[in-house]
1. For segment 110-151, what's the radius of gyration and Dmax over Cα atoms, in angstrom?
2. In the chain, if the dipole is taken from +1 on Lys/Arg beta carbons and -1 on Asp/Glu beta carbons about the Cα centre, which of PHE150, SER275, LEU219 is farthest to the positive end?
3. Angle check, please: helix 230-240 long axis (alpha carbons) against the longest principal axis of the chain (alpha carbons), in degrees 0 to 90, nearest 10.
4. Please report how far the C-alpha centroid of segment 255-307 lies from that of segment 132-173, rounded to the nearest whole angstrom.
5. Measure off 7 Å from each Cα along the Cα-to-Cβ vector at GLU308 and GLU135, then give the distance between these two points in nanometres to one decimal.
6. What is the ratio of the Cα radius of gyration of segment 1-44 to 2.2 N^0.38 Å, with N the residue count, to two decimals?
7. What residues have an amide H closer than 5 Å to that of LEU316, excluding those fewer than 5 places away on the same chain, when H is modeled at 1.01 Å from N in the peptide plane?
8. Using the Cα centre of the chain as the reference point, and only Cβ charges (+1 on K/R, -1 on D/E), how large is the resulting charge dipole? Debye, rounded to the nearest 20.
Amino acid sequence: MSAVGRSILHVDMDAFFVSVELLDAPELRGRPVVVGGAGPRGVVAAASYEARSHGVFSAMPMSTALRLCPHLVVLAGRHGRYAEVSASVMSRFRSVTPLVEPLSLDEAFLDVSGARRSLGPAVSIAARLIDEILEQDGLRCSVGVAPNKFLAKLASEAAKPSAAPAGPVPGRGVVVVLDTEVAAFLDPLPIRAMWGVGPKTAERLSRLGVRTIGDLAALPLDAVVASVGRSNGEHLHALAHGVDERPVVSDGVPRSISSETTFPTDRDDLDGLASELVGFADSVAGRLRAAGLVARTVSLKVRHPGFELQTRAETLDEPTDDGLMIAVTAQRLLGALDVSGGVRLIGVGVSNLEPPGPVQLRLELDDPSLFDHATRARVNDLVDTIRARFGTAAIGPASGSGGSRGNPDPPR
């Protein structure tokens, strides 16, 4: 890359969830492995390249995956483990540059423009990260190097391994898009490779004869705007010419935290559903405390058998990181919904997150028998200490243990 202008990396871990599982179960290497739910409504969250060679991909119903590959190894997801490994990987990114923008547990943008003087060209920084992550974390990643985020994301896709009927095909590891090579790189790519081009937008553009990004770049701006609207048209037309001015925004503070599950069969027992919320609230609260945050808003998510989605939220008088407060609030929200027709999915989330500040010395809850705030804080500290030493499954809320659990959806 040229020393002038920006140097943006997009680092994407290869088959992250599955690769983490194989760190702990190396005997499964070389076999078709997926992470996801094994029940009748289970969904593939991640697939190894061996599984992809059989036509198995993420978001596919598990029943379909097992038909395509009867000898598939199905593993349940472990969000805590993935988050632990992700934190290690992200720390390596931040050792290179403070300008790191995580997109999920397994991918991030890095602006290394300011690191070139001390660490060398952007492609050398990318190679260093690949080697360090493989040596220190035992995982492989693919990196795109380009003048902006849009091009870097597409470049990392081009760098990744691929699946073929004969088995996995190794990727290039690093793909660099130079300022002088933008058109040559973009023009042959299918239009659906672009951010913001879904089925409807692709259909509208196809009426103009657009099949590739190069086709879109060749169109007058007015024609694109007339087809998909001014805002989207101007944005897509700029991207088709490789123009993307968005900065890498370093923001390590999550905007929301949630936990949810899809049940193997529909549930309509209000008491049982309320009990399920206790475990979700405990999980969300633990992640809040681990992040050093409290939440002002608690939300409930319910999906019905016909895929109708209902969400409800309540803003608390004071922010909290306590699972009991979150559970009671979520249960109150649930009580206002009609679940007689059945529930397919249920979950708890928190938002409006902030660092903790001064708090009242008691919980303002309807049940006066509940512990005061100081007691709850001591209990939570003890729970966190036990989990840090013995694992997240070592202790949990009594009303949230046991029972019929659904298949955990992919962690978010």
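Nothing in this text is a laboratory measurement; each read-out follows from the coordinates by a stated rule. Just so you know, these numbers come straight off a predicted model, no measurement behind them. Every residue, glycine as well, gets a Cβ built from its backbone with ideal geometry; the counts of neighbours run over all protein chains shown.
1. Using the Cα atoms of segment 110-151, the pair Rg, Dmax is 11.0, 29 Å.
2. LEU219
3. Relative to the chain, helix 230-240 is tipped by roughly 60 degrees.
4. Value for the Cα centre distance between the two parts: 34 Å.
5. 5.9 nm
6. Details: Rg = 17.4 Å, N = 44, 2.2 N^0.38 = 9.3 Å.
Relative to the 2.2 N^0.38 Å estimate, segment 1-44 comes out at 1.88.
7. THR297, VAL298
8. On the way: 42 positive and 48 negative charges, 176 e Å.
The calculation lands at about 840 debye.
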